[in-house]
1. For GLY239, what charge total do you get from the other residues with a beta carbon under 11 Å from its beta carbon, if Lys and Arg give +1 and Asp and Glu give -1?
2. Please give the helix 394-409 orientation as an angle from the longest Cα principal axis of the chain, in degrees from 0 to 90, rounded to the nearest 10.
3. Return the distance in nm (one decimal) between the two label points of a simple spin-label model at ASP32 and GLU425, each offset 7 Å from Cα along Cα→Cβ.
4. If the cut-off is 14 Å between C-alpha atoms, which aspartates and glutamates fall inside it for LYS345, apart from same-chain ones fewer than 8 positions away?
5. In whole angstrom, how far apart do the alpha carbon centroids of the stretch 270-321 and the stretch 57-136 sit?
6. Give me, ordered by chain and number, the residues 5 or more places off VAL77 or on other chains with an amide H under 5 Å from its own placed amide H.
7. Helix 217-229 against the longest principal axis of the chain: what's the angle in degrees, Cα atoms only, rounded to the nearest 10?
8. Name the aspartates and glutamates eligible as straight-distance cross-link partners of LYS92: C-alpha to C-alpha under 13 Å, and not fewer than 8 places from it in the same chain.
Amino acid sequence: MSAEGNGQRHVVIVGGGFAGLGCAQKLAERDDVRVTLLDQNNYHQFQPLLYQVATSLLAPSDIAHSLREVFAGQDNVDVKLAEISDVDAASKTVKANDGGEWTGDALVLAAGSQPNFFQTAGAAENSFPLYSLDNATALRSRILGLFELVDRNPELVDRGALNFVIVGGGPTGVEVAGAIADMINVTVPAEYRSLDASKAHIYLVDLGDALLKPFSDKAHGYVAKVLSDRKVELRLGTGVKEVATGHVALSDGGVIATRCVIWGGGITAAQLASDGGLAPGRGGRIDVEPDLTVTGHPGVYAVGDIANIAGADGRALPQLGSVALQSGKTAAENILAEFDGRPRKSFEYKDKGIMAMIGRGAAIAEVGKNHHEVHGQLAHMAWLGVHASLMTGARDKMEAIIDWGWDRFSKTGGPHVLDRGDAAEINWDDDAVVTAAAAGASPDSEGSPDSPS
Ligand SMILES: Cc1cc2nc3c(=O)[nH]c(=O)nc-3n(C[C@H](O)[C@H](O)[C@H](O)COP(=O)(O)OP(=O)(O)OC[C@H]3O[C@@H](n4cnc5c(N)ncnc54)[C@H](O)[C@@H]3O)c2cc1C
């Protein structure tokens, strides 16, 4: 499965996320280049909208697009389902865990990130991360499963069945907290008539003193007010000590009984960065040169979340979709330059701003060169426009726009489909304490000693 004949140069790309897709699309424009795109899934997933699948606003098919379909019209791109576990940078060869092997004239590593649980006791086992489509559908089923259980047995509320604990006050945590609040305040009362939604509690826990840190102080106040008005309880300046099967223990001594802990507490580079055989870089990511080649390995590129890409100030750029897409395209341009015998160029990130959705009619956006900040309906509309335009296929765009319109003007929300029956199979007697430190804490649903610090 190595590079072969007919005069075409061969590029092997690992990862069909924003970075890998951007790179493959640019390379595919050239007939004298052949691309093998390897991914552990046969689809591209639009991560910024995972939280909308988890909260039933969008269907999984709205945000996942078959990679084979994306490249159906491009004969020089071959998609292969493969989980890559090994990188031999010297020979530009990657190996899959089932023995498959691919060698290119150039190699691009674009395997993204994974959740970082910061060694918090029990977090990996007992919380719901939100990094993949699989994570999103698992979380959706747990949320809907809890609603179904409480609808039949209201006493489960006293055991924390309607307590939702979200860890992390960045975009993922804020967006998911706002979306669960919308479910509980708007769609749940319309559909689960025996469920007393006023008994639900949504907690947003973060060690820092503000939500959405990269935005201004004014924005911090706006986000906190919108979420508080929607009955999200903010626990700022508070860490999570452990996540057990039936409760969360906080650094201030508080304990919250819950069967749904959502982990938006941070990310780290994909496993391939540490286990693939390359020298570990700063913060676990792969160190790259300004032209995006892996330090010490010309001809091997690392792009997107997995790479340590320096910005204009020399500091590593944030792990964002825009950085991934732009770096993937620049890597493709540099590979073509290398094949043509032209000089490679340094990557320059064009920052077009950042935005986050807080819930129905509430968003925040920093746009333009001067990072002009807008809040509320206008930011909400900007968010919808930008995210729809970034989605991969025309059908995905249309379906998402219809679902968003439906959500805006109806009270029934999106597809509340409980497709994983086991999500509702909860052993209510199981509340294992994970650490000795938490052993003294007694889980409680409300009125617990979890007062803000
Ligand atoms: C919940 C959430 C919300 C976000 N919201 C925003 C936002 O609003 N705006 C924004 O700009 N950014 C946002 N981001 C960040 C953005 O999604 C990422 O920066 C971007 O997806 C990174 O692109 P990537 O191509 O580097 O990695 P990914 O998109 O993660 O793609 C990596 C690909 O590699 C594949 N892969 C991984 N390991 C292997 C392996 N060993 N073998 C084969 N394939 C492998 C994966 O299956 C995946 O398809 C968000 C991220 C998350 C998780």
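1. Details: positive: ARG235, LYS241; negative: ASP206, GLU242, ASP252.
For residues surrounding GLY239, the net value is -1.
2. Value to nearest ten degrees: 20.
3. 5.9
4. Those aspartates and glutamates meeting the cut-off are GLU289, ASP291, GLU333.
5. Comparing the Cα centres of the stretch 270-321 and the stretch 57-136, I get a distance of 16 Å.
6. VAL35
7. Orientation of helix 217-229: about 50 degrees from the principal axis.
8. GLU101, ASP105
No lab work stands behind these numbers, since they all come straight from the coordinates. In this text the structure is predicted, and so the values were computed from the model without any measurement. Cβ: placed from backbone, ideal geometry, glycine included. Neighbour counts: every protein chain shown.
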